[in-house]
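Some notes on the structure that comes next.
The values are calculated or read from the model by the stated rules, or taken from the named source; none is laboratory data. Owing to the predicted nature of the structure, the values given are computational and were not obtained by experimental measurement. For neighbour counting, all protein chains shown are included, and Cβ atoms are generated from backbone atoms with ideal geometry for every residue, glycine included.
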Amino acid sequence: MRRASSFRSVLLVSGLTVGLLWLAMFYGGGLWPLLAVACVPFFIYIYRADRKYALSCGLLTGLGHFLLQLYWIVFVLGQYGGLPLFLSVPALVLLALYMAGYFLLFVLISRLFIRCFSQNVSLLLLPMLWAGLDHLRSFLFSGFPWMDIGYGLAEHPLLYQSADIWGIGGITFLVILLNTFFALCLEKGMNWSRRVKLAVPVCLILLATGLYSGWRWQNMESRVSSAEFIGVGIVQGNVDQGQKWSAARLGRTVEDYTQQSRKVMVAQSGLRPDLLVWPETSMPFVPVEHPFLAPIEKMLQAEQVMLLAGAPWVEEDGRASEKPRYFNSAVLFDQNGVVVDRTSKSHLVPFGEYVPLKKYLPFIAPLVEAVGDFSRGEIRNPPACKTARIGVLICFESIFGNISRKWVNAGANLLVNITNDAWYGNSVAPYQTLAMTRLRAVETRRSVVRSANTGFSCFIDPLGRVLTLSPLFKNWEAAERIVLMEERTVYVRGGYLFGTACLLLSALALLVSGILRKS
């Protein structure tokens with residue numbers, strides 16, 4: 001194995017890999033064909049270099065990649081968290097360093113695999129390890145599966161129809177499989193005979209997934225065209241985050257939302273919505289005996305439509321010794337303006353909606369006084385509107401495939417994502433959240449209605465296609481016929497365990513490689 005011995009080469013390879021990944025995943029999927037080769041320089045280098053240079057390359061590549069993917073966090077912490085740059089920038093760097101830790105683990109373990117196993121075995125072990133580490137990141141320390149590499153294909157749904165079998169983890173596996181194949185083919189001493197042996201399993205896997213995706217696309221198009229549907233309207237209020245909780249702005253907010261809702265209800269092409277969807281915390285008040293509920297009730301009664309809207313919720317325990325419990329909720333109103341159902345966010349944002357380990361580390365709480373103290377909701381009994389049973393994804397819950405899966409298993413035949421992407425400002429983040437949400441539609445074969453305060457609001461069909469898309473930072477409303485599907489996909493029934501299987505098989509391979517090294 002040839003050894004690299006210069007930090008200049010580390011910087012060169014890291015910079016090249018980060019640049020290729022950024023171009024390939026730009027705005028949720030830029031020059032997506034680059035995904036097939038973006039990691040090739042990185043893979044070749046970490047297998048040829050001395051250990052310290054390989055680890056340095058892994059750290060810098062991971063750090064650079066996630067700094068570019070998550071730079072908007074500085075805006076969130078500074079603009080809305082009130083943190084100065086000398087605190088918000090280090091916070092971003094610390095998060096990116098944590099994420100880069102998974103790149104370091106990949107470097108350490110994959111180098112061992114390359115040394116202990118044949119190239120044909122390593123060809124499958126490396127993408128399996130990458131997918132397994134992505135899965136680990138999706139739940140460890142509450143989980144943050146932000147923009148796994150497979151999401152770079154989000155704008156081309158025909159390429160990821162197999163996600164209804166193995167989820168985003170399987171799509172990432174395919175992308176890394178291609179990168180591993182090209183990296184191994186470029187190894188010194190590789191002749192054409194050995195390259196062909198490597199190419200056979202890659203071609204078979206890609207051919208099988210390609211044929212399945214093509215068949216599934218045609219199959220779903222046929223089923224969608226004849227499926228039952230419900231009319232759904234979206235209202236995007238475009239309320240400035242700095243004014244959302246202003247008491248003086250509440251009346252104007254309610255007035256704007258009700259006026260836009262009336263516009264949606266004007267029949268277009270014979271469609272009159274059965275359900276209206278407003279974004280996360282579009283009602284910045286607890287909707288119980290509140291004076292601003294009156295115009296909403298009046299509008300719902302006049303239009304005879306149901307409304308699903310984001311709002312805070314408070315539950316009193318009734319005992320003086322117990323504090324009230326606060327929830328980030330979605331509230332369902334019937335045609336008379338009566339609250340008939342409510343569901344609350346089950347996956348809270350750490351240091352945004354709760355303080356982790358607050359019970360055991362009480363000294364943390366005063367350091368984050370602006371953090372909300374919310375309680376977790378439960379996934380059960382989807383709210384219903386006519387024949388639609390709604391699985392509600394609040395805020396960044398749409399990036400977690402497991403939450404959508406649980407809603408479908410609970411009986412949901414429609415997914416609704418209400419969110420407030422105003423936090424992200426004019427950054428790449430809204431494009432990224434849209435890309436991740438599109439995969440939820442294919443994994444579960446459910447339509448997704450996405451209502452965002454400042455955008456992107458949209459309708460996504462069960463094939464991952466965006467039917468109607470709002471502009472960013474504009475008042476917007478629209479209505480669509482939304483297909484209701486009842487199928488429980490392979491992913492929902494058990495394919496979601498693909499990431500777990502990759503993680504466990506990687507651990508087993510690590511154990512075997514350790515035994516082989518000792519022997």
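Points worth noting:
- Boolean, Y257 is assigned by TED's automatic domain parsing to the domain that holds G169, of a type in the set (F, W, Y), in contact (Cβ under 8 Å) with a residue 24 or more places away in the chain and out of contact with any helix residue (DSSP H, G or I) (no Cβ under 6 Å at 6 or more places or on another chain): no
- Residues in the range 402-413 that are in a helix (DSSP H, G or I), surrounded by fewer than 24 Cβ atoms within 10 Å (Cβ to Cβ) and in contact with a Lys or Arg (Cβ under 8 Å, 6 or more places away or on another chain): N409 only.
- Taking the criterion of being more than 28 Å from A388 (Cα to Cα) and either among the charged types (D, E, K, R) or in contact with a helix residue (DSSP H, G or I) (Cβ under 6 Å, 6 or more places away or on another chain) (or both), the only residue of the range 199-234 that qualifies is V202.
- Listed here are the strands (runs of 3 or more DSSP E) enclosed by the range 246-349 that have at least 3 residues being surrounded by fewer than 20 Cβ atoms within 10 Å (Cβ to Cβ): 306-315, 339-344.
- Residue satisfying all of: in the range 449-495; closer than 21 Å to T172 by Cβ and without any contact (Cβ under 8 Å) to a residue 40 or more places away in the chain; surrounded by the most Cβ atoms within 10 Å (Cβ to Cβ) among these: I460
- Of all the residues in the range 167-201, those that are surrounded by fewer than 19 Cβ atoms within 10 Å (Cβ to Cβ), in a helix (DSSP H, G or I) and not basic (K, R) number 8.
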